[in-house]
1. Show the residue pairs meeting these rules: Cβ distance below 6 Å; 6+ apart or different chains; first residue within the stretch 90-110 and over 20 Å from Ser19 (Cβ atoms); second residue part of a loop (DSSP other than H, G, I, E, B) and away from the ligand (no atom under 15 Å from the Cβ).
2. Being not aromatic (Phe, Trp, Tyr) and not in a helix (DSSP H, G or I): is that true of Gln6 here?
3. Return a yes/no flag: does the stretch 33-42 have any residue that is surrounded by 16 or more Cβ atoms within 10 Å (Cβ to Cβ), among the small types (Gly, Ala, Ser) and either out of contact with any His (no Cβ under 7 Å at 6 or more places or on another chain) or under 28 Å from Cys264 (Cα atoms) (or both).
4. Within the stretch 76-94, which residues are more than 10 Å from Ile35 (Cβ to Cβ), assigned to a loop (DSSP other than H, G, I, E, B) and out of contact with any Phe, Trp or Tyr (no Cβ under 8 Å at 6 or more places or on another chain)?
5. Name the one entry in Asp38, Asp49 that is among the charged types (D, E, K, R) and within 11 Å of the ligand (Cβ to nearest atom).
6. Residues being at pLDDT 95 or above, among the polar types (S, T, N, Q) and farther than 24 Å from Gln24 by Cβ: count how many of those fall in the stretch 202-255.
7. Find all pairs meeting these conditions: Cβ atoms under 8 angstrom apart; at least six residues apart or on different chains; first residue within the stretch 111-130 and outside any helix (DSSP H, G or I); second residue surrounded by fewer than 12 Cβ atoms within 10 Å (Cβ to Cβ).
8. Return yes when Val77 is in contact (Cβ under 8 Å) with a residue 60 or more places away in the chain, under 16 Å from Leu246 (Cα atoms), buried (at least 20 other Cβ atoms within 10 Å of the Cβ) and more than 10 Å from the ligand (Cβ to nearest atom) and no when it is not.
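The values are calculated or read from the model by the stated rules, or taken from the named source; none is laboratory data. For clarity, every value in this text was computed on a predicted model and none was experimentally measured. Positions of Cβ are generated from backbone atoms using ideal geometry, with glycine treated the same way; all protein chains shown enter the neighbour counts.
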Amino acid sequence: MSWVEQLRATEAICRRAPSAHNTQPWRPEYHTDEITIDVDPARRLPDSDPTGRDLALGIGAFVETCLIVSAELGLTVTVAPGPRLVPAAHRYATPFTIADIEARRVARGPYAPGYVDDAVLADLEPGVAHVPTRDLVADLVVADRWMFGTPAVAVELRDWLRLSPRHPRYHLDGLTDRALGLSRIEARVLSAALRAYPVTRRLGLPTLLAASGRGLLRYDGSVLVLRAADGEDQFSAGRRLLRTWLALARHGLAVHPLSQLIDCPATAGRLAERVAGLPLAVFRVGRPLVAPVRSARRGEQPSTRPD
Ligand SMILES: Cc1cc2nc3c(=O)[nH]c(=O)nc-3n(C[C@H](O)[C@H](O)[C@H](O)COP(=O)(O)O)c2cc1C
């Protein structure tokens, strides 16, 4: 088998890469001696991610995942502009393995109180700032209200929610009730409220949903912010983001991104001031009190997926 065929045979592992709303926007095209990573236009988020920041981060995370897989397979592969995966002289140097990729998952439930240790922070690549959770309580309410109150953004989110196992795409992509940590009743209420969105918006749904998320950061914990680095494009930042999440996972720490803090113009400015730089990703970090579920992926058999 050629290196391209070997990597193609492990595409399901590469697809464990994270992406905003679990859109899985990557489209690998396999050629004789290279793999191009295209973007599936139907999987962009034009309203929630108009600048393409999360898209570039997601493509970067996918390519980093492919490189980690290729290294474990013993293949000599590197990344070239495009992005493309091309032959290289050496294996990709990485401390991470396929087991790390399989073990990583976003956890949106409660975390044990406690800040991330300095020793763990020192183990991360540079460009990550620490903010105590409580410092962001008020801004998260503002950002959530903005997210649920901006019709195009809320409707786009609704389109990627799979709030019932009966949803035809429940095992394929998007955000399930279980991934969001919702009870059956909560999922039903949210689903009904979002179905009637223009009306429920006027009735105060954004304020209600924002208030329900108020407790999320009301504990002594850590939020980490990935800052843009000088001369680094967002695609490379996505590779760094994936490595940061895998490094945290090795310490038993899960992440919960809160991108609305960057998307909402009012809170984005304050966050940039707080971390003295341009935030590209922001996520709560900690030890989950409830084991997170394995998220859906296209091309996976639901019955064979361990939780
Ligand atoms: C760039 C980026 C932005 C994300 N933003 C959010 C977010 O704002 N809120 C959230 O709950 N999850 C966010 N996520 C996490 C994705 O929803 C998650 O990766 C996806 O559902 C797959 O789940 P998994 O990472 O557990 O495999 C983000 C992921 C990426 C890569």
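1. Hits for this filter: His90/Thr76; Arg91/Thr76; Pro110/Leu289.
2. Here the answer is no, as Gln6 does not meet what is asked.
3. Looking for residues that are surrounded by 16 or more Cβ atoms within 10 Å (Cβ to Cβ), among the small types (Gly, Ala, Ser) and either out of contact with any His (no Cβ under 7 Å at 6 or more places or on another chain) or under 28 Å from Cys264 (Cα atoms) (or both), one finds none in the stretch 33-42, hence no.
4. The answer is Pro81, Ala88, Ala89, His90, Arg91, Tyr92, Ala93, Thr94.
5. Asp49
6. Number satisfying all stated conditions: 1.
7. Cβ pairs passing all conditions: Tyr111/Leu289; Ala112/Leu289; Pro113/Asp220; Gly114/Asp220; Tyr115/Asp220; Ala129/Ala276.
8. So Val77 does not fit the description; no.
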